[in-house]
Amino acid sequence: MAEDTKQHIRIHVYDQDFDIAVRPQDEPLYRRAAKFITERYNKYAEMFKGHKSDHTIALMTLIDIALLYEMEVDKNDVEPYNNTLKRLILEIDKALEGK
């Protein structure tokens, strides 16, 4: 299948290059993700280089990105709306059955 075809790309994250196989439509996402990680890491490195280890700076970067992800997931939680809709549908069904 064409959508399963992968291409090999090289992305640069902070100080390292990675060769990865991605679907062509996902290439821009990987490149933006690599740029985002590098920018976040550079921000922390600028603030803490010489005071914290590279490993600690990397972990701080991961926590920062994971926090942003979790905040987005919480923002996009549609379960409360789905529950409300289900309740409304049940009420409408009950009302229609009574007629």
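The values are calculated or read from the model by the stated rules, or taken from the named source; none is laboratory data. This structure is a prediction, so every number in the text was calculated from the model and none was measured. All Cβ positions, even for glycine, are placed from backbone atoms using ideal geometry, and neighbour counts span all protein chains on display. All accessible areas refer to the heavy atoms of the entire protein, side chains included, with ligands and DNA or RNA removed. Shrake-Rupley method; radii C 1.70, N 1.55, O 1.52, S 1.80 Å.
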>> If I compute Rg/Rh (Cα atoms, Kirkwood Rh) from the structure I just sent, which labelled value in [x] 0.96; [y] 1.29; [z] 0.98 lines up?
In response: [y]
> What net charge do the residues around HIS12 carry, taking every other residue with its C-beta under 10 Å from that of HIS12, with Lys and Arg at +1 and Asp and Glu at -1?
Replying inline: +1
>> For the chain, what does the accessible surface come to per residue with a 1.4 Å probe? Please give it in Å².
In response: 83 Å²
> Among 32-43, 16-27, 81-92, 59-70, what's the highest-first ranking by average C-beta atoms within 10 angstrom per residue?
Replying inline: 32-43, 59-70, 16-27, 81-92
> Where the accessible area of the chain is counted over protein heavy atoms with a 1.4 Å probe, how much of it, in %, is carbon and sulfur?
Replying inline: 58 percent
> If a helix is a whole DSSP H run, which ones in the chain reach 30 Å or further along their own axis (Cα) and hold a mean Kyte-Doolittle hydropathy of at least 0.0?
Replying inline: 54-75
>> Please give me the summed charge of the neighbours of ARG87: other residues whose Cβ is under 14 Å from its Cβ, Lys and Arg +1, Asp and Glu -1.
In response: -1
> Which FRET efficiency value, to the nearest 0.05, do you get for ASP74 and TYR30 by plugging their Cβ-Cβ distance into 1/(1 + (r/R0)^6) with R0 = 22 Å?
Replying inline: 0.35
> Hey, if you drop one equal point scatterer on each alpha-carbon of segment 50-99 and run the Debye formula without solvent, what base-10 log of I(q)/I(0) do you get at q = 0.17, 0.20, 0.32, 0.33 Å⁻¹?
Replying inline: -0.68, -0.76, -1.03, -1.06
